[in-house]
Every structure is written in C-alpha cells, then in structure tokens.
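In what follows, a single structure is set out as structure tokens and then discussed.
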Amino acid sequence: MNENRYHSWLKKHPSALEMFDEMIVTAKGKKIVVFLDYDGTLSNIVPNPDQAFMSKKMRRVLSEVARCFPTAIISGRSRDKVYGFVKLDDIYYAGSHGLDIAAPFQCIGDPKFQNKAVDKNGDEVVSFQPAQIYQPSIRKILDVLKEETNDIKGVMLENNKFCVSVHFRHVSDEDFPILEEVVKSVVDELEEFRLSEGKKVFEIRPDIEWDKGHAMEYLLETLGYGSSNDVFPIYIGDDRTDEDAFKAINKRGNGYSIVVSSSPKDTMALYSLRSPSDVKKFLSRLFIWNSSSNPS
C-alpha cells in the first residue's frame, strides 16, 4: 500500500482514535447510541466465515460499552448467527442487513411486520421482519445456487434468513467469472431481488427500500430517540453496505460515521479506524470516558 496515499486519505477521514478527545466534546451531554457492523469491525475477516469469532477482550469491552449506552449490531449475517458469535444479551441485534431486527417492546413502526416475542431474560421484545414474504424465494435461490455452483471449487453459500451470501474467497481467479455469471443469472431471473458485492462475497437480498441506514433509524425510533434532538448515534463499519448507515448519519447532521479500513477507499464516513483492534481501543476509550464523566 502507498503510505503517502493513505496519509492523504486520512486528512479527509481522520483517525477516530487520534481525534477522540475532540470528537467527544461534541457528543458530551447527548444520548449516545452505538451501532456496529460485525465482520471486519468486531471480528477480523477470516478465510472461513463460520470461524469469525470475536476475541474475549473485544467481548468484554463491548459488554462494558453496552452497559453505558444502547448498543446494536447491524450485520449481513443472520441475526441468530451474529448472536451466536457475540453471546451478549444486553445488545440489540439486526441481521440480514437490517431485515431481521429484535427491538425493545416499546416498538414503533409498521405493525404488519412485527411479532411479539420474549427474550432469554423473559423481557418482551418485538421482532421486525419486513422481508418475510421473500423467504420462499430465498430458499429457492439457495437450492438453485447449490446445484449451479456444485462444480465450482471454493464456493460457500450462507443462508442469512432474509438474504443469501455467496462467499468466493477460496474460488480461483479462473473460476470466478463462471461463478459471477451464475449468480447474476439467478438474480436476473428474480426481479424482486438485487445483487451487491462485499469483501469476497456476493450478497443477494430483496429489492426493497430497506438497508442498514433504515435499520439504524428504526432502532433509534424504537428506543424512543426518533424525535430527540439530543440523540448522538455513532456507527462503525467496514463494508459497502455500511455506507447506507454513514449516509443516514450525515443526513441527520449529528452523530459520527466511522469506517474501518487500513487502505484508502471511497466512503461517506467522516472518520476512520484501521482494524478491529482499533475498534476495540475506540470502544474502550468511550467506556473509560463515560466512567470518568459519570462516576458512581
């Protein structure tokens, strides 16, 4: 990587660690809400997506932050899978790029997409799933892809309940064009779905007006902060799909959008962090700042 190019990029998207003291002045006295992606943000990107475990230190810091501020994880993974990685009950989870949300019971939103449920602590929550009607089509997509990619080595299909991930990290350069054509042809046959590409993965999801930005706004609303001028969301993510949330924060005119990247990239984020390790340091500083500002 060209370090000069990266340092030039940092002038536009300065390090949230280096700018922490300056950033926190703006947030002081406001209701901070923390939003996080999972892969590449709380855990490192790994060869096998099923082994994207977060470190014990990250879990401890995340738990500390969640005790201080409402905290949510918005991931492309299924909600159950993300919970299986994180294993913390005091966090709100949104899977399938925000198409599957477990929110507080004092929920506001379209009731036709909501179902009452009880979490492991016996508290009432609302499950919000605006893409429920697409599940039969998603199962069909998986069946077709399994058959069509059977002879392409290295493909890993992941059912994220309301979207499908086609991981190609282990697919050879020679086979990639074949896989790409297969995936595109499957999506083209189903007009109600759209295709996007992340880090070594194709994402197939319903073509509805809903993304991580909408999920963030929905959670703020359900937490009772929708009409509040004092709420201050902080969103940290590394993927293209997180750009929708960065855009939403920038549109609000308050809050911080932070991209996780060790190299220059086009982004709407205002600040940056280099790695999940830096994310852990940032969250730890946020916790320490809150503890010193609000001593018990």
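The values are calculated or read from the model by the stated rules, or taken from the named source; none is laboratory data. Note that this is a predicted model, so its numbers are computed, not measured. Counting neighbours? That spans all protein chains shown, and the Cβs are built from the backbone with ideal geometry, glycine included.
Among the residues of region 192-215, just one is basic (K, R), farther than 22 Å from S172 by Cβ and outside any strand (DSSP E or B), namely K212. When V86 is tested against (1) surrounded by 21 or more Cβ atoms within 10 Å (Cβ to Cβ); (2) more than 17 Å from the chain's Cα centre (by Cα), exactly one condition is not met: (2). For region 53-77, a residue qualifies if it is buried (at least 21 other Cβ atoms within 10 Å of the Cβ), more than 23 Å from N294 (Cα to Cα) and of a type outside the set (A, V, I, L, M), and the qualifying residues are S75, G76, R77. Within region 223-236, can one find any residue that is closer than 21 Å to F168 by Cα, β-branched (V, I, T) and within 13 Å of the chain's Cα centre (by Cα)? Looking for residues that are closer than 21 Å to F168 by Cα, β-branched (V, I, T) and within 13 Å of the chain's Cα centre (by Cα), one finds none in region 223-236, hence no. Within region 145-167, does at least one residue satisfy the condition of being touching a residue at least 40 places away in the same chain (Cβ under 8 Å), surrounded by 15 or more Cβ atoms within 10 Å (Cβ to Cβ) and in a helix (DSSP H, G or I)? Looking through region 145-167, at least one residue is touching a residue at least 40 places away in the same chain (Cβ under 8 Å), surrounded by 15 or more Cβ atoms within 10 Å (Cβ to Cβ) and in a helix (DSSP H, G or I).
Tallying residues that are out of contact with any Gly (no Cβ under 8 Å at 6 or more places or on another chain) and either touching a residue at least 12 places away in the same chain (Cβ under 8 Å) or among the hydroxyl-bearing types (S, T, Y) (or both) within region 71-94 yields 14. Taking residues in region 8-37 that are in contact (Cβ under 8 Å) with a residue 60 or more places away in the chain and under 26 Å from S75 (Cβ atoms), and partners anywhere that are β-branched (V, I, T) and in a helix (DSSP H, G or I), the pairs with Cβ atoms closer than 7 Å and at least 6 places apart or on different chains are V34/V65.
Going through region 243-264 one residue at a time, which ones are out of contact with any Pro (no Cβ under 9 Å at 6 or more places or on another chain) and touching a residue at least 40 places away in the same chain (Cβ under 8 Å)? I258, V259, S262, S263, P264 - these are the residues of region 243-264 that are out of contact with any Pro (no Cβ under 9 Å at 6 or more places or on another chain) and touching a residue at least 40 places away in the same chain (Cβ under 8 Å). Checking each residue in region 183-222 for being within 15 Å of the chain's Cα centre (by Cα) and more than 30 Å from P70 (Cβ to Cβ) picks out only E197. Is it the case that some residue within region 114-126 is at pLDDT 55 or above, outside the structural domain of N160 (by TED's automatic domain parsing), surrounded by 16 or more Cβ atoms within 10 Å (Cβ to Cβ) and not aromatic (F, W, Y)? Looking through region 114-126, at least one residue is at pLDDT 55 or above, outside the structural domain of N160 (by TED's automatic domain parsing), surrounded by 16 or more Cβ atoms within 10 Å (Cβ to Cβ) and not aromatic (F, W, Y).
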